[in-house]
1. Of all residues in the range 20-53, how many are without any contact (Cβ under 8 Å) to a residue 24 or more places away in the chain, under 19 Å from residue 72 (Cβ atoms) and in a loop (DSSP other than H, G, I, E, B)?
2. Do you know which residues across the range 36-80 are among the β-branched types (Val, Ile, Thr), over 12 Å from residue 5 (Cβ atoms) and surrounded by 13 or more Cβ atoms within 10 Å (Cβ to Cβ)?
3. What are the residues in the range 54-80 that are among the small types (Gly, Ala, Ser), under 15 Å from residue 15 (Cα atoms) and not in a loop (DSSP other than H, G, I, E, B), if any?
4. Just give me the residues in the range 3-49 being of a type in the set (S, T, N, Q) and at pLDDT below 95, in sequence order.
5. Condition first: touching a residue at least 60 places away in the same chain (Cβ under 8 Å) and polar (S, T, N, Q). Can you find one or more residues in the range 60-71 that meet it?
6. Could you tell me which residue of the range 1-19 is farthest from residue 66 (Cα to Cα), considering only residues that are of a type outside the set (A, V, I, L, M, F, W, C) and assigned to a loop (DSSP other than H, G, I, E, B)?
Amino acid sequence: MNIPLPDLGSSPVTFGLWHVAVGDRVLEGERVAEVRIRGVVVDLPAPASGVIAAQFARPLDTLSPGQPLGTLDPDPPHAD
């Protein structure tokens with residue numbers, strides 16, 4: 001699953017840093033990265049719970065909405 005840059009309604013968007021590493025387990029909604037928009041830092045949440053599989057974005061990269069920042073291997077759904 002991609003970790004996309006959401007449409008934040010402003011550009012340019014500059015990637016700041018990752019708060020997690022490849023192989024880290026994250027929970028849905030947990031802060032995984034940050035970007036900067038006109039000097040304002042915006043935290044980006046994990047789209048699902050799982051394990052960070054790859055990181056494509058690097059500090060100071062200029063990003064577009066929808067661009068994948070990395071990938072996440074989602075946890076399988078729980079059987080009830």
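1. Adding up the residues that qualify gives 4.
2. Going residue by residue through the range 36-80, those that are among the β-branched types (Val, Ile, Thr) are 37, 40-42, 51-52, 62, 71.
With the extra rule that they be over 12 Å from residue 5 (Cβ atoms), the set shrinks to 40-41, 51-52, 71.
The answer is 51, 52, 71.
3. Filtering the range 54-80 down to residues among the small types (Gly, Ala, Ser) leaves 54, 57, 64, 66, 70, 79.
If we keep only those that are under 15 Å from residue 15 (Cα atoms) too, we end up with 57, 64, 66, 70.
Selection gives 70 alone.
4. Of everything in the range 3-49, those that are of a type in the set (S, T, N, Q) and at pLDDT below 95 turn out to be 10, 11.
5. Checking the range 60-71: at least one residue is touching a residue at least 60 places away in the same chain (Cβ under 8 Å) and polar (S, T, N, Q).
6. Among those residues, the one meeting the criterion is 19.
The values are calculated or read from the model by the stated rules, or taken from the named source; none is laboratory data. Please read these numbers as outputs of a predicted model, since none were measured by experiment. We place every Cβ from the backbone using ideal geometry, glycine too, and count neighbours over all the protein chains shown.
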